[in-house]
Amino acid sequence: MARRVLLKLSGEVFGGGAIGIDPDVVNGIAAQVAEAVRDGVQVAIVVGGGNFFRGAELSQRGMDRGRADYIGMLGTVMNALALQDFIEKQGVETRVQSAIAMSQVAEPYIPRRAVRHLEKGRVVIFGAGAGMPYFSTDTVSAQRALEIKADVVLMSKNGVDGVYDADPRTTPDARKYDDVTFAESLQRGLKVVDAAAFALCMENKLPMIVFGMEGEGNIARALQGERIGTLVHAGSGANSGTTTGEAP
């Protein structure tokens, strides 16, 4: 059975640390995704929109939280369309599915149609988050991964290459975990991802790999099942499928 993965890309990545879209960065991501697809991996992607707007931050400045979140969702669609363009320039077919109706530029989010696209070797990019305010794109990543029956959800991070027992940016001797269970993460108070995303993965025994964007070819390596970053799993035997391409 083909390996099916869901990749979460933060919006900040698209801007290369700045507002807007950095074409060189997006082209580099697209090349790595295309490499994995050519090797037979089925790839779905959830994109953030933090390079344009972050709803939670806008709401702190006085904007209505719901409206701010919708603005953020529109930013994710812009990123999705940019990524689509660069992946197709690599010779790989893509489809953008939006949780907010935008029929001129994207399909509606329909899980079974998304699965069919994946089976045909197309990359499916999910935009507009959940289509509802108050949901992070981390949470959407877990939900979409479960609905399309992905083998694993890959959470790419900026500036950190996995899960640590303390913040490695402020604690030089912080220890990185190669793998950790969901229960251990909770017991140790580890900051893995958004709490709702974590709960979805834990309850449904969906393996999660947290890895760093930095490093040559890290996205392609993660997509192809190479051990990279930190594997967060349900327990004994739950991680066996994430490196072989078999469903866990």
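Full-extension gain between Lys89 and Arg113, please, as 0.36 nm times their residue separation minus the C-alpha to C-alpha distance.
Values: separation 24, 0.36 × 24 = 8.64 nm, distance 2.29 nm.
Result for the pair: 6.3 nm of gain on full extension.
Over what distance in Å are the Cα centres of the range 4-62 and the range 95-139 separated?
Each part reduced to its Cα centre gives a spacing of 14 Å.
In what order, largest first, do Glu107, Glu35 sit by accessible area if the probe radius is 1.4 Å? Let's see the in-between values first.
On the way: Glu107 40, Glu35 85 Å².
Sorted by accessible area, descending: Glu35, Glu107.
Which far-off residues, 5 or more places away or on another chain, put their amide H under 5 Å from the one on Met102, with H placed in the peptide plane?
HN-HN under 5 Å from Met102: empty list.
With all protein chains present and a 1.4 Å probe, how do Phe52, Phe198 order by accessible area, largest first?
Values: Phe52 55, Phe198 15 Å².
Output order, biggest surface exposure first: Phe52, Phe198.
Note down the accessible area of Thr76, probe 1.4 Å, to the nearest 10 Å².
10 Å²
Compute, for His233, the solvent-accessible surface of its heavy atoms (probe 1.4 Å) with the complete set of protein chains present, and express it in square angstrom to the nearest 10.
His233 has an accessible surface of roughly 10 Å² with all protein chains in place.
Run the numbers on the range 4-128 and let me know its relative contact order in percent, using alpha-carbon pairs under 8 Å that are six or more apart. Present the calculation step by step, with values, prior to reporting the outcome.
Values: 228 pairs, mean separation 34.9, N = 125.
Relative contact order of the range 4-128: 28 percent.
With a 1.4 Å probe and all protein chains in place, put Met202, Met132 in order of accessible area, largest first.
Details: Met202 65, Met132 95 Å².
Descending order: Met132, Met202.
For Asp24 and Met132, FRET efficiency with R0 = 25 Å and r from the beta-carbon atoms, rounded to 0.05? Please report the intermediate quantities before stating the final value.
On the way: r = 33 Å, r/R0 = 1.33.
After rounding to 0.05, the efficiency reads 0.15.
Ignoring any ligand, DNA or RNA, what whole percent of the accessible area of the range 73-226 comes from carbon and sulfur when the probe is 1.4 angstrom?
Details: 3590 of 7210 Å².
C and S fraction of accessible area: 50 percent.
Probe 1.4 Å, all protein chains in place: accessible area of Tyr70 in Å², nearest 10?
The accessible area comes out at roughly 100 Å².
What accessible area per residue comes out for the chain, rounded to a whole number of Å², with a 1.4 Å probe? Kindly include the intermediate steps, with their values, before the conclusion.
Numbers: 11420 Å² over 248 residues.
Counting only protein heavy atoms, the per-residue value for the chain is 46 Å².
Quick check: residue separation of Gln60 and Lys149 times 0.36 nm, minus the Cα distance between them. What number comes out in nm? It would help to have the intermediate numbers written out before the result.
Details: separation 89, 0.36 × 89 = 32.04 nm, distance 3.59 nm.
Length gained, Gln60 through Lys149: 28.4 nm.
Can you give the helix-only mean residue ellipticity at 222 nm for the chain, where every DSSP H stretch with n ≥ 4 adds -39500 (n - 2.57) and the sum goes over all residues, rounded to the nearest 500 deg cm²/dmol?
On the way: 9 runs with 93 residues, N = 248.
Result for the chain: -11000 deg cm²/dmol, rounded to the nearest 500.
The values are calculated or read from the model by the stated rules, or taken from the named source; none is laboratory data. Because the structure is predicted, anything quoted here is derived from the model rather than measured. In this analysis, Cβ positions are derived from the backbone assuming ideal geometry, glycine residues included, and neighbour counts consider all displayed protein chains. Please note that ligands, DNA and RNA were not included when accessible areas were found on the heavy atoms of the full protein model with its side chains. Shrake-Rupley method; radii C 1.70, N 1.55, O 1.52, S 1.80 Å.
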